[in-house]
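Peer 1: Can you read through this structure? Questions will come right after.
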Amino acid sequence: MTSRKLSSRSASLSPFHVMDILAQAKKLSQQGKDIYHLEIGEPDFATAEPVIEAGIEALKQQKTHYTAALGLPDLRHAIAEYYDRKFSLAIDPQRIIVTPGASGALQLALACLLDAGDNMLLADPGYPCNQNIAQVLAAEAVAIPVTAENFYQLDAKSVAQHWNSRTRAAMVATPSNPTGTVLPKTQLAALAQFVERKQGVLIVDEIYQGLVYDGDDYTALEISDECFVINSFSKYFGMTGWRIGWMVVPEFYVDAIDRIAQNIFLAAPTVSQYAALTALKKETQIILDARRDEFQQRRDFLLPALEQLGFDIAVKPQGAFYIYANCEKFTDDSFNWVKKLLHEQGVALTPGIDFGSHLANSHCRFAYTQSLEKLEQAVDKIDAFIKSN
Ligand SMILES: Cc1ncc(COP(=O)(O)O)c(C=O)c1O
């Protein structure tokens, strides 16, 4: 038999436990059971019609060749205009890099900043792929436990405690996945200042920008031009499957990122780049803002409904489409509890274990990426589950 070997970096990559939940949900659905999908981290809305039309038009016009690795110049300019319109910021389009989703941006950012053996600090709980991207690069992600007191976000003090001679970067996401919390501007400013003093880089993932329901929907670029700012057309713009995002970086890094992008994926999908031009238009924004308002209505229903059932939600989520809820009143093993809930009542959630180890067994994530009507039904199902267990 041929002897096969995986690189140790790939062999030890952790899977998403929610995929397990999804597979079970699919099986139950095939058996005819109604499933309430509160585990899915993408908008339930289809891509806005004008954006789909723009994609079709691009195909008809045979826009099917590679673009420059850094993206279509028109799209880089349109993103700069977006920052101007939304935040009154003048960003040089040369600093804007179009990528295959925020995922592509995160890979480029980490490949450009981390050598093997370097480390990067991030929050636990947090978006799990970052840790794995660092691992693929033979670098290390150091997960810092974060608590409700700091809005489940890193702050300068905790980062200072963990910073060592191998640390090159710290990463935050605002609003955050899984907690939906926004990093207060003053907390981010102090963090940026500390990281700059250490000559490191602060990476700020703003993928949920546009989906902020309370307070200031700001960008880190208002605070510092030294940050790497990650963004995407996936969430607010409703284009997950188009695989298109962007990143704003200090000019110093652009040439290196250009070379990495040329080698790793050549360019972001061309059709998606043309469609993204329409996604950024003011007319499309009207459609997208109405969807944002619907997400807010869903949050405003689900949050008190869960609290009434006995979940503890320590920080009110201000954005994204997630509620990170403490379920320790019902279980000390949220993964098994989530599996049981799916089997008994058909409600699918994401267990805390998918976002780290801190707080993992006592928490689960609710994604309100379903209609209000479905959410109401799901709450009734969870109520019945709690009462019968
Ligand atoms: C915080 C965060 N960053 C990045 C991503 C990757 O998104 P995409 O590659 O679709 O832009 C996600 C996806 O859920 C996310 O939650």
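Peer 1: Charges only on Cβ, +1 for Lys and Arg, -1 for Asp and Glu: so what's the dipole of the chain about the Cα centre, in debye to the nearest 20?
Peer 2: I would put it at about 1000 debye.
Peer 1: At a 1.4 Å probe, what is the % contribution of carbon and sulfur to the accessible area of the chain?
Peer 2: 49
Peer 1: Whose amide H sits under 5 Å from the amide H of residue 167, counting only residues 5 or more places off or on another chain, with H placed in the peptide plane?
Peer 2: Those qualifying (amide H under 5 Å, at least 5 residues apart or on another chain) are 119.
Peer 1: What is segment 130-289 by shape, rounded, prolate or oblate, if you read a ≥ b ≥ c off the alpha carbon gyration tensor as root eigenvalues and call it rounded for a/c under 1.5, prolate for a/b larger than b/c, and oblate otherwise? All intermediate terms of the calculation are to be shown ahead of the outcome.
Peer 2: On the way: a/c = 1.89, a/b = 1.26, b/c = 1.50.
Cα axes put segment 130-289 in the oblate bin.
Peer 1: Further, regarding this structure: Taking square-rooted eigenvalues a ≥ b ≥ c of the alpha carbon gyration tensor, is segment 44-95 rounded, prolate or oblate, where a/c under 1.5 means rounded and, failing that, a/b exceeding b/c means prolate?
Peer 2: oblate
Peer 1: Which Cα, out of 209, 178, 191, lies furthest along the positive dipole direction of the chain (beta carbon charges, K/R +1, D/E -1)?
Peer 2: After comparing all options, I get 178.
Peer 1: In nanometres, what is the gap between the two model label sites at residue 262 and residue 65, each 7 Å from Cα along Cα-to-Cβ?
Peer 2: For residue 262 paired with residue 65, the spin-label model returns 1.7 nm.
Peer 1: Right, next: With unit charges on the beta carbon (Lys/Arg positive, Asp/Glu negative), name the residue among 128, 24, 244 whose Cα is farthest towards the positive pole of the charge dipole of the chain.
Peer 2: Looking along the dipole axis, the top candidate is 24.
Peer 1: Moving on to the next point. Say the cut-off is 23 Å between C-alpha atoms; which of 27/329; 235/316; 235/339; 86/185; 316/387; 26/387 go over it?
Peer 2: Correct reply: 27/329; 235/339; 316/387; 26/387.
Peer 1: With labels modelled as points extended 7 Å from the Cα through the Cβ direction, what inter-label distance (nm, one decimal) is found for residue 294 paired with residue 332?
Peer 2: 4.3
Peer 1: Which percent, to the nearest 5, of DSSP beta bridges fully inside the chain are antiparallel?
Peer 2: Here the antiparallel bridges make up roughly 45 percent for the chain.
Peer 1: Rounded, prolate or oblate: which fits segment 53-155, taking a ≥ b ≥ c as square roots of the Cα gyration tensor eigenvalues, rounded meaning a/c under 1.5, else prolate when a/b beats b/c?
Peer 2: prolate
Peer 1: What 222 nm value per residue comes from the helices of the chain, counting each DSSP H run with n ≥ 4 as -39,500 (n - 2.57) and dividing by all residues, nearest 500 deg cm²/dmol?
Peer 2: That calculation yields -13500 deg cm²/dmol at 222 nm.
Peer 1: Set the Förster distance to 25 Å, then compute FRET efficiency between residue 343 and residue 301 from the Cβ-Cβ distance, nearest 0.05.
Peer 2: Here the calculated transfer efficiency is 0.50.
Peer 1: While we're on this one: How many Å² of accessible area per residue for segment 15-73, probe 1.4 Å? Present the calculation step by step, with values, prior to reporting the outcome.
Peer 2: Numbers: 3560 Å² over 59 residues.
For segment 15-73, the per-residue accessible area is 60 Å².
The values are calculated or read from the model by the stated rules, or taken from the named source; none is laboratory data. All values reported here derive from a predicted model rather than from experimental measurement. Here Cβ is always computed from backbone atoms with ideal geometry, including for glycine, and neighbour counts include all displayed protein chains. The accessibility values were calculated without ligands, DNA or RNA, using every heavy atom of the protein model including side chains. Shrake-Rupley method; radii C 1.70, N 1.55, O 1.52, S 1.80 Å.
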